[in-house]
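A short write-up of the structure that comes next.
The values are calculated or read from the model by the stated rules, or taken from the named source; none is laboratory data. Predicted, not measured: the structure shown is a model, and the values here were computed from it. Because the Cβ atoms are built from the backbone with ideal geometry, glycine has one as well, and the counts that use them run over all protein chains shown. To get the accessible areas, we keep the full protein, side chains included, count just its heavy atoms, and leave off ligands, DNA and RNA. Shrake-Rupley method; radii C 1.70, N 1.55, O 1.52, S 1.80 Å.
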Amino acid sequence: MIIQKTREQIELMRESALIVSKTLGMIASEIKPGVSTLYLDKLAEEFIRDHGAVPSFLGLYGFPNSLCMSPNAQVVHGIPNDKPLESGDVISVDCGAFKNGFHGDHAYSFEIGEVAEETKKLLKVTKESLYVGIREFKAGNRVEDVGNAIQKYTENHGYGVVRELVGHGLGQKMHEDPEMPNYGKRGRGKLFVEGMVVAIEPMINMGTRNIKQLKDGWTILTADGKPSAHFEHDVALIDGKPEILSTFAYIYKALGIESTEEDEFRKVPLKL
């Protein structure tokens with residue numbers, strides 16, 4: 001059952017989402033060759049708590065950390081460890097924060113040092129597909145309209161779209177209805193309704209769409225060992241149109257990147 005949110009609840013969700021955004025922006029300033037993912041995880045937990053929230057992922061279904069950190073061939077759900085990051089790595093950092101009774105949850109794939117051009121392209125196309133999908137999250141459309149748009153965009157570049165892992169509804173629980181796959185056929189799935197909030201998150205592989213799981217019970221890898229990319233935004237349906245509650249702007253500020261990619265999905269310009 002889709003849980004519709006009031007405007008007041010959506011504003012509370014925006015606050016939670018922006019705590020995640022700020023956390024990822026802080027990570028962007030710290031992530032570099034030689035730094036361990038466990039160190040970054042500890043920084044993130046402190047940052048989230050200092051902003052009056054608690055880490056959504058810590059203890060969720062038994063997950064041991066505050067961030068899911070998934071480098072290179074890891075798709076999602078990587079567990080932070082002491083291994084230093086190296087130049088040439090790419091890494092998905094997925095973060096959640098719970099405040100005022102609601103969760104925020106989004107992710108960004110970072111480049112570490114000098115990254116291969118074909119890997120840069122994977123990240124670029126995957127991030128573009130996120131916005132391609134968000135444009136289909138509107139009144140009159142259905143769940144698989146979003147997935148179909150993401151699938152077509154990324155498969156046209158020769159990439160594999162993970163089937164076993166999907167986006168989701170978001171609210172007082174981390175995972176609500178509906179599931180939001182990154183593939184599908186137009187006109188299928190649940191109808192979008194005013195006030196719903198979803199996490200849209202393309203998980204796209206350079207090679208095969210097939211995946212496998214490590215014995216740790218969490219870490220998901222590409223079956224062929226090629227890199228994967230993952231980007232995620234929290235999006236509300238307001239007045240029949242998608243409005244992004246999260247932002248990559250704090251990341252871009254830390255990295256010195258200028259972007260207008262989110263502007264079409266905001267009624268009011270974001271003030272950092």
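Here the condition is being farther than 29 Å from VAL115 by Cβ and modelled with pLDDT of 95 or more; of GLN4, GLN74, it holds for GLN4 alone. Each residue in segment 17-49 was checked for being of a type in the set (A, V, I, L, M), in contact (Cβ under 8 Å) with a residue 60 or more places away in the chain and part of a loop (DSSP other than H, G, I, E, B), and 1 of them qualify.
If you go through segment 114-144 and keep only what is farther than 20 Å from ARG209 by Cα, open to solvent by less than 40 Å² (accessible area, probe 1.4 Å) and not β-branched (Val, Ile, Thr), you end up with TYR131, GLU136, PHE137, ASN141. Among the residues making up segment 81-107, a single one is open to solvent by 20 Å² or more (accessible area, probe 1.4 Å), closer than 21 Å to VAL197 by Cα and either modelled with pLDDT under 95 or among the charged types (D, E, K, R) (or both): LYS99.
Here the strands (runs of 3 or more DSSP E) wholly within segment 50-147 that include at least 2 residues being in contact with a helix residue (DSSP H, G or I) (Cβ under 9 Å, 6 or more places away or on another chain) and touching a residue at least 24 places away in the same chain (Cβ under 8 Å) are 67-71, 90-99, 102-111.
When segment 148-159 is filtered for residues that are assigned to a loop (DSSP other than H, G, I, E, B) and either touching a Gly at 6+ places or on another chain (Cβ under 7 Å) or crowded, with 22+ Cβ neighbours inside 10 Å (or both), only TYR159 remains. Of the strands (runs of 3 or more DSSP E) lying entirely inside segment 167-230, those carrying at least 3 residues that are out of contact with any Phe, Trp or Tyr (no Cβ under 9 Å at 6 or more places or on another chain) are 167-169, 176-180, 211-213, 220-222.
Filtering segment 221-238 to residues that are open to solvent by less than 20 Å² (accessible area, probe 1.4 Å) and among the aliphatic types (A, V, I, L, M) leaves ALA229, VAL235, ALA236, LEU237, ILE238.
Among all positions in segment 172-186, there is no residue which is of a type in the set (Ser, Thr, Tyr), touching a residue at least 12 places away in the same chain (Cβ under 8 Å) and closer than 21 Å to MET69 by Cα. Number of residues in segment 239-257 that are more than 18 Å from THR6 (Cβ to Cβ), loosely packed, with under 14 Cβ neighbours inside 10 Å and not small (Gly, Ala, Ser) equals 1.
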